[in-house]
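Here the structure comes first, spelled out in structure tokens, and everything after it is commentary.
The numbers here are math on the coordinates, done by the rules we state, and not lab data. Since this is a predicted model, take the numbers as computed values, not measurements. Cβ placement follows ideal geometry from the backbone for every residue including glycine, while neighbour counts extend to all protein chains displayed.
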Amino acid sequence: MGSHGMLLRWNRNDAVFRDNRYSRAHIWQFDGGAIVPASSSPEVVRVPFSDPSGVDPEEAFIAAIASCHMLWFLSLAAKAGYVVDEYRDAPVGTMGKNAAGDVAMLRVDLQPHAAFVGAPTPDSATLARLHHEAHAACFIANSVNTVITVTPS
């Protein structure tokens, strides 16, 4: 499967730093050239030390799980002979203290919706099976302790 990487860049600029009053804004640069502004969540570190327009690690974690699930779902649906015309999800992550007392992403609830065109279209049992198989195949879901639920609409 190989290894995967990216470049993360942050600069102190003129901040004193030792007083903890420095910007948490940074960038993620990916192999394909995409550059994503990132920051701590304003819920964790107040503005102006966080940049609310940046993607925070918690959002990226949720997005990675949802994206991985979708990619597997699309692949499985295509192999089963279905044509997915549109797919959307509005995943929600819930943070709290885990059994060790550490703050963690306790659960991610995926809420995928797939629209199909043409025939055949999957019945609800087949749709549930496709989502179950996608979840089981997702590399990201297989890598974390977070409870992940899938509730298709």
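What is the angle, in °, between the Cα long axis of helix 124-137 and the longest principal axis of the Cα atoms in the chain? Nearest 10 is fine, range 0 to 90. Long axis of 124-137 versus the principal axis of the chain: about 40 degrees.
Backbone N atoms of segment 7-35 closer than 18 Å to the 7 Å Cα→Cβ label point of A60 belong to residues 7-12, 23-35. Sorted fewest first by neighbouring Cβ atoms within 10 angstrom, S124, S23 come out as S124, S23. Taken one residue at a time, the phi angles of segment 20-35 give Karplus couplings (6.51, -1.76, 1.60, θ = phi - 60°) of 6, 10, 10, 6, 8, 5, 7, 10, 10, 10, 9, 3, x, x, 5, 10 Hz. Gly and Pro are set to x.
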